[in-house]
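Right, one structure below, let's go through it.
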Amino acid sequence: MLDVMKDRITDIGPPDFKEYLPPAVKKNYGQWKYHEILEAGVLVHVAESGDKLYTVRCGSPRLVSTTSILFYTEIADKYCDGFLRFTSRHNVEFLTTEFDNVAKIKAEMTEYGNPVGGTGPSITSIVHTQGWVHCHSAATDASGVVKAVMDDLFEYFNEMKLPAKCRIALACCLNMCGAVHCSDIAILGIHTAYPRIDHENLNKLCEIPNISASCPTAAIRPATVDGKPSVELIEEQCMYCANCFTVCPAMPLADPVADGISLWVGGKVSNARSEPKFSKLAVPFIPNNPPRWPEVTSAIRKMVEVWAENARPYERMGEWIDRVGWPRFFKLTGFEFSKMHIDDFKYAGLSFKRSAQITHE
Amino acid sequence: MAKTIEEIADFMFKQVSEAQEVSKKLKPGDLTKLAIKAFGDEGVDKKMGKMAIKELVLSGKCVYTYFGGSFLELPHREGAAND
Amino acid sequence: MPKEYKTPMLDELEKGPWPSFVKEIKLAAKKNVMSNDLLGLLERSYNERLGHWKHGGIVGVFGYGGGVIGRYTDLPEEYPEISHFHTLRINQPSGWFYTTEALRTLCDIWDRHGSGLTNMHGSTGDIIFLGTKTDELEPIFKELTEAGFDLGGSGSDMRTPSCCVGPGRCEWACYDTLQRCYDITMKYQDELHRPAFPYKWKFKFSGCPNDCVAAIARADISIIGTWKDDIKMDQAEVKKYAENGVDIFNDVVLNCPAKCMKYDGDKLEINNNDCRRCMHCINVMPKALRPGDDKGAIVLIGAKAPIVEGALLSSVLIPFLNIDDDEEFEDFCDLVEEMQDVWCEEGKNRERVGEFIQRVGMGNFLEAVGVEPIPEMIAYPRDNPYIFFEMDEDEEEEEE
Ligand code: SF4
Ligand code: SF4
Ligand code: SF4
Ligand code: SF4
């Protein structure tokens, strides 16, 4: 037996978070009174006890080397008693009770390449997935698109000049590991070519009934091809979701020309003011254009700018569109409206305009 | 009569082996259902099913696999693997 | 000597103000041959506009069915160091708080056994160790568990639960998100490590309706804090906000979805009976307004991304649960197990519980798990007349 198999420990779960809480957090746990945003990326939380805790929020590429993590630990040792945390949107946060440390953390982190911002009415880090760096079903890269978009929108990260916050998320295929479907702007990798069936190997690699069952539109039928059990595709029914490929590697869809990005707009998860809602289709397809995806960044900038210019304070992207209507959105952005924008999946009729309330653009 | 965990595990192992011969994959839930069907409610309950599966995996007879969903299979070299 | 790759495409992404992932891969490549080959392969993907990964479905650590995602490049001859490039998901501590010591331990393990590249954090919330060989999996696992860490979920199992920072640093937390996330994770270790469900099952814990972890969009069980009594108000602070330029009438009162606020230029009034606890007014004036004292959580069920049958948001299952109370929490866990039983029994392969409910009907699902239907669960009652009337069985017998 291998040495590593001796005295194996299993099922211990994560470390108890209480051991990782900074002293000021431990002391004022559940006793916070209010907070203020002092400047972009800097918060102060004030406890009932009167204690003040400053937070410096720094952008991160999410894909982080141990070298950089070790750099973060140096900062935290120097200014934060050896504690730090990350946010649900990949930012790294330094918490300190000394106001004087704020400027120092900010300076050192910015110098290292992790700028400070992403609080309040701003655009913070883009939640995203793996892309070409690591995933088998990616229709686009993730980190590269995110980098290009954030470089372009940087002024909205380190300044707070938008009507409300704007949450952007990216998923590199319809699997949506990042569940981007409720974002102000969602960037979604999309295939537009049919799966190519590897009849030679399909039966060896996969279970045929399972493949048929995997297709949401029943586009896959068992068939015998060249004497071998395989499947056939009813092409008119395929919408390139790659479910079949997830279940069976012998049905790849990735294609340099047919893969690209779709843009979705107006979703939110917060319950503030309006209820949570899904993002809706804005641009059905933009071909991949690495390394900087200029067509994607300019379309996103367009959406952000027309919203920033026209929305009322506190109005999220989707709330603004709900108020002024989709015709206005398409007019102001100049995005082409096509047949593809009209839903034809389940319950499609619910998305039709079923009233006589209309604006004239 | 309640079955022992070993008996259930043996039964499950047979199911997995037979399924694999016709390149069919079984989910852990399927195995428990099959065992309950074969031995009846008094013979097997869900908890025993779970324990039998754990036994199967810890003995090295079966491994978990993932192809869009999780399955139990006999250990084998997978198609995608590089040496 | 490791190969030296020319990477003009990727070099372009080292420029610009946003932190660069290319810089990170290059930093790792200085120490590690796997990361060096990754750099070469990624440049190639950028040129070809095509990924070069194959999914591996079998690799894992002994005894677990989750926590490792198998990856192989489809160009192993050219990029031999990343011929295997598996990912480990490591269960993060609640709220993503760390000591520097813990992070250094993790980095040390990963530098010795893997690529030195991570995601802090992955979409589900786990720490992601990105890229290692099959033979390294057991040694990594051993060192991780000795350091007090364990793997997270993947596949058809309970996925690693995650939560917002909650009472750790947020005045709006209506329950202890960090603690309950930890409790659920510890309670269901077996479900997390040994996939036994039709598909994945996620828990997410947000301390208030701002829902910072997107529970309502992403979790099969979304637990979102709320309160029952009145919003706490400090009129003096309201005045200060007004003096400092907050347009209380337009920006607060008119944005209230319940239209339950009044402002006469001096005093702010809230009809708490009509308030929907949406958080808007509190978000705008955190010093003046706060959630009440009678706090708890709403439990919602069924959110998911589009795969397979279309995206869903979670919908209300329990309108108010005093989740910090241990007894109520235990009852809630019993209900969760009951729901999982029904779903395991009847659910199809790759059918999330939300889709399962769509298929069998919410009414039938509630009946199966023993929860009374109440109007809080719906946006509006059915607007079609296709009702399945269920005859009372006794009556049926009498008729025969
Ligand atoms: S979204 Fe799709 S391509 Fe991207 S990491 Fe997830 S499964 Fe892979
Ligand atoms: S890509 Fe989707 S729609 Fe097309 S055949 Fe595969 S599963 Fe069916
Ligand atoms: S969800 Fe609410 S309680 Fe939790 S961090 Fe966000 S605002 Fe605070
Ligand atoms: S919480 Fe929302 S619904 Fe309640 S008073 Fe404030 S704005 Fe109105």
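The values are calculated or read from the model by the stated rules, or taken from the named source; none is laboratory data. Just so it is clear, the structure is predicted and the values come from calculations on it, not from any experiment. Neighbour counts run over all protein chains shown; Cβ positions are idealised from the backbone, glycine included. Accessible surface areas use protein heavy atoms only, side chains included; no ligands, DNA or RNA. Shrake-Rupley method; radii C 1.70, N 1.55, O 1.52, S 1.80 Å.
Taking the stated definitions as given, is C:K232 charged (D, E, K, R), under 14 Å from C:R277 (Cα atoms), under 28 Å from the mean Cα position of the chain (by Cα) and within 16 Å of ligand 4 (Cβ to nearest atom)?
Considered against the rule, which asks whether it is charged (D, E, K, R), under 14 Å from C:R277 (Cα atoms), under 28 Å from the mean Cα position of the chain (by Cα) and within 16 Å of ligand 4 (Cβ to nearest atom), C:K232 comes out as no.
Can you tell me which residue within segment A:206-219, out of those that are away from ligand 1 (no atom under 16 Å from the Cβ) and polar (S, T, N, Q), is modelled with the highest pLDDT?
So, considering only residues that are away from ligand 1 (no atom under 16 Å from the Cβ) and polar (S, T, N, Q), the one modelled with the highest pLDDT is A:S212.
With the condition kept exactly as written, say whether any residue in segment A:130-150 is open to solvent by 10 Å² or more (accessible area, probe 1.4 Å), at the interface with another protein chain (Cβ under 7 Å from one of its Cβ atoms), under 29 Å from C:G56 (Cβ atoms) and not small (G, A, S).
There is at least one residue in segment A:130-150 that is open to solvent by 10 Å² or more (accessible area, probe 1.4 Å), at the interface with another protein chain (Cβ under 7 Å from one of its Cβ atoms), under 29 Å from C:G56 (Cβ atoms) and not small (G, A, S).
Would you confirm, using the coordinates I've provided, whether C:A242 is of a type in the set (G, A, S) and free of Cβ contacts under 8 Å to residues at least 24 places away in the same chain?
Answer is yes for this residue.
Let's see how each residue does on (1) free of Cβ contacts under 8 Å to residues at least 12 places away in the same chain; (2) among the polar types (S, T, N, Q); (3) surrounded by fewer than 23 Cβ atoms within 10 Å (Cβ to Cβ); (4) away from ligand 2 (no atom under 16 Å from the Cβ):
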{"residue": "C:L144", "(1), (2), (3), (4)": "no, no, no, yes"}
{"residue": "C:A147", "(1), (2), (3), (4)": "no, no, yes, yes"}
{"residue": "C:S154", "(1), (2), (3), (4)": "no, yes, no, yes"}
{"residue": "C:D157", "(1), (2), (3), (4)": "no, no, no, yes"}
{"residue": "C:K204", "(1), (2), (3), (4)": "no, no, no, yes"}
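Is it the case that segment A:285-299 has a residue that's within 15 Å of ligand 2 (Cβ to nearest atom), within 11 Å of chain C (Cβ to nearest Cβ) and either open to solvent by 20 Å² or more (accessible area, probe 1.4 Å) or closer than 19 Å to A:P195 by Cα (or both)?
no
Only one residue in B:G29, B:G49, B:G68, B:G60 is in contact with a Cys (Cβ under 7 Å, 6 or more places away or on another chain) and either in contact (Cβ under 8 Å) with a residue 12 or more places away in the chain or within 27 Å of C:H55 (Cβ to Cβ) (or both). Which one? Show your work before the answer.
On the way: B:G49 fails: in contact with a Cys (Cβ under 7 Å, 6 or more places away or on another chain); B:G68 fails: in contact with a Cys (Cβ under 7 Å, 6 or more places away or on another chain); B:G60 fails: in contact with a Cys (Cβ under 7 Å, 6 or more places away or on another chain).
The match here is B:G29.
Would you point out which residue out of C:R180, C:R218 is surrounded by fewer than 24 Cβ atoms within 10 Å (Cβ to Cβ), closer than 28 Å to C:A311 by Cα and touching a residue at least 12 places away in the same chain (Cβ under 8 Å)?
From the options C:R180, C:R218, the qualifying one is C:R180.
Specify the residue that is farthest from C:G65 (Cα to Cα); the eligible residues are those in segment C:158-174 that are part of a loop (DSSP other than H, G, I, E, B) and within 14 Å of the chain's Cα centre (by Cα).
C:V165
For segment C:1-33: of the residues being among the basic types (K, R) and in a loop (DSSP other than H, G, I, E, B), which is most open to solvent (accessible area, probe 1.4 Å)?
In this case the residue turns out to be C:K6.
Could you tell me whether any residue of segment A:220-242 is in contact with a Lys or Arg (Cβ under 6 Å, 6 or more places away or on another chain), in a loop (DSSP other than H, G, I, E, B) and either at pLDDT 95 or above or away from ligand 2 (no atom under 14 Å from the Cβ) (or both)?
Looking through segment A:220-242, none of the residues is in contact with a Lys or Arg (Cβ under 6 Å, 6 or more places away or on another chain), in a loop (DSSP other than H, G, I, E, B) and either at pLDDT 95 or above or away from ligand 2 (no atom under 14 Å from the Cβ) (or both).
Got a sec? Which helices (runs of 4 or more DSSP H) wholly within segment C:314-375 have at least 1 residues that are in the same structural domain as C:A173 (by TED's automatic domain parsing), closer than 23 Å to C:P209 by Cα and open to solvent by 60 Å² or more (accessible area, probe 1.4 Å)? Before the answer, list the steps.
On the way: elements: C:326-346, C:353-360, C:362-369.
Ranges flagged: C:326-346.
Would you mind stating whether C:A236 is under 30 Å from A:H128 (Cα atoms) and in a helix (DSSP H, G or I)?
Numbers: under 30 Å from A:H128 (Cα atoms): no; in a helix (DSSP H, G or I): yes.
No; evaluated as a whole, the condition is false for this residue.
Hey, does segment A:13-33 have a residue that's facing chain C (nearest Cβ under 7 Å), open to solvent by 70 Å² or more (accessible area, probe 1.4 Å) and in contact with an Asp or Glu (Cβ under 6 Å, 6 or more places away or on another chain)?
Yes: one or more hits.
Inspect all residues belonging to segment C:85-101 and state whether any of them is part of a helix (DSSP H, G or I) and polar (S, T, N, Q).
Applying the first criterion (part of a helix (DSSP H, G or I)) to segment C:85-101 yields C:94-96, C:100-101.
Next, from what is left, pick out any that are polar (S, T, N, Q): C:94, C:100.
Yes, segment C:85-101 has at least one match.
Looking at (1) assigned to a helix (DSSP H, G or I); (2) facing chain C (nearest Cβ under 7 Å), which is the only condition A:K78 fails?
Going through (1) assigned to a helix (DSSP H, G or I); (2) facing chain C (nearest Cβ under 7 Å) one by one, A:K78 breaks only (2).
If you check A:E111, A:E36, which single one turns out to be without any contact (Cβ under 8 Å) to a residue 12 or more places away in the chain and assigned to a helix (DSSP H, G or I)?
Details: A:E36 fails: assigned to a helix (DSSP H, G or I).
It is A:E111.
Looking at segment A:152-172, which of the residues that are without any contact (Cβ under 8 Å) to a residue 60 or more places away in the chain and at the interface with chain C (Cβ under 10 Å from one of its Cβ atoms) is most open to solvent (accessible area, probe 1.4 Å)?
The residue in question is A:E155.
One line per residue, one yes/no per condition, for (1) touching an Asp or Glu at 6+ places or on another chain (Cβ under 9 Å); (2) of a type outside the set (S, T, Y); (3) closer than 26 Å to B:K46 by Cα:
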| position | (1), (2), (3) |
| --- | --- |
| C:P161 | no, yes, yes |
| C:Q179 | yes, yes, no |
| C:Y199 | yes, no, yes |
| C:G207 | yes, yes, no |
